[in-house]
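Enquirer: Structure incoming, see below.
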Amino acid sequence: PFIIFDKKRKRYAGCTRFYELDLKNDSTYLGYTWLGSEFQRTGINRRAKYLLLSFAFEQILFHRVAFRADINNIASIKAMEAIGCVREGLLREHLILPDGSRRTSVQLSILAPDWQQAVKCSLQQLCSSQ
């Protein structure tokens, strides 16, 4: 896990992490992100994702970084697509939630060629425009 710290406000903003690391296949997931409400829609999460994706693709040399979001979490799905994630499909009712209902997740990913050819530059521009 990584702590997200807002240097301007000198406050902790939240956290995020890599999970389900698969070193044999050069793949991981990025998520379990939580941000305090005052830090949402400020650009700090996008900057954190840029740093983590740079680390994943350029230091660890992963080939694939994947993301998941609840199908009802439209804001998260749009945010992931905005940074260059490609929607791959659905994981239908793969988790039982605390209330007993089942969660369907949208699966998205970025591949190393995507990162090198377009996503890195696009995400840099998004981060610098805020």
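Enquirer: Identify all residues within segment 52-95 that are among the aliphatic types (A, V, I, L, M), in a helix (DSSP H, G or I) and more than 12 Å from the chain's Cα centre (by Cα); write none if there are none.
Expert: Result: Ile74, Ala75.
Enquirer: If you take the residues of segment 69-95 that are among the charged types (D, E, K, R) and over 27 Å from Ser129 (Cβ atoms), which of them is most open to solvent (accessible area, probe 1.4 Å)?
Expert: Arg92
Enquirer: While we're here: Suppose the filter is out of contact with any Gly (no Cβ under 6 Å at 6 or more places or on another chain), loosely packed, with under 12 Cβ neighbours inside 10 Å, part of a loop (DSSP other than H, G, I, E, B) and free of Cβ contacts under 8 Å to residues at least 24 places away in the same chain; does Pro98 pass it?
Expert: When the stated conditions are applied, Pro98 passes them.
Table: residues versus (1) of a type in the set (S, T, N, Q); (2) free of Cβ contacts under 8 Å to residues at least 12 places away in the same chain.
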site	(1), (2)
Leu23	no, yes
Ser27	yes, no
Gly31	no, no
Asn72	yes, yes
Glu81	no, no
Glu88	no, no
Arg92	no, no
Thr104	yes, no
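Enquirer: Inspect segment 113-130 for any residue being surrounded by 12 or more Cβ atoms within 10 Å (Cβ to Cβ), in contact with a Lys or Arg (Cβ under 6 Å, 6 or more places away or on another chain) and of a type in the set (Val, Ile, Thr) and give the result as yes or no.
Expert: No, the conditions are met nowhere in segment 113-130.
Enquirer: I've got another one for you. The conditions are (1) exposed (fewer than 13 other Cβ atoms within 10 Å of the Cβ); (2) of a type in the set (Val, Ile, Thr); (3) part of a loop (DSSP other than H, G, I, E, B), and Ile3 fails exactly one of them. Which is it?
Expert: Going through the list (1) exposed (fewer than 13 other Cβ atoms within 10 Å of the Cβ); (2) of a type in the set (Val, Ile, Thr); (3) part of a loop (DSSP other than H, G, I, E, B), Ile3 breaks only (3).
The values are calculated or read from the model by the stated rules, or taken from the named source; none is laboratory data. Just so it is clear, the model here is predicted, and its values are computed rather than measured. Cβ sites come from the backbone with ideal geometry, for glycine too, and all protein chains shown count toward neighbours. Heads up: the accessible areas ignore ligands, DNA and RNA and are worked out on the full protein's heavy atoms, side chains in. Shrake-Rupley method; radii C 1.70, N 1.55, O 1.52, S 1.80 Å.
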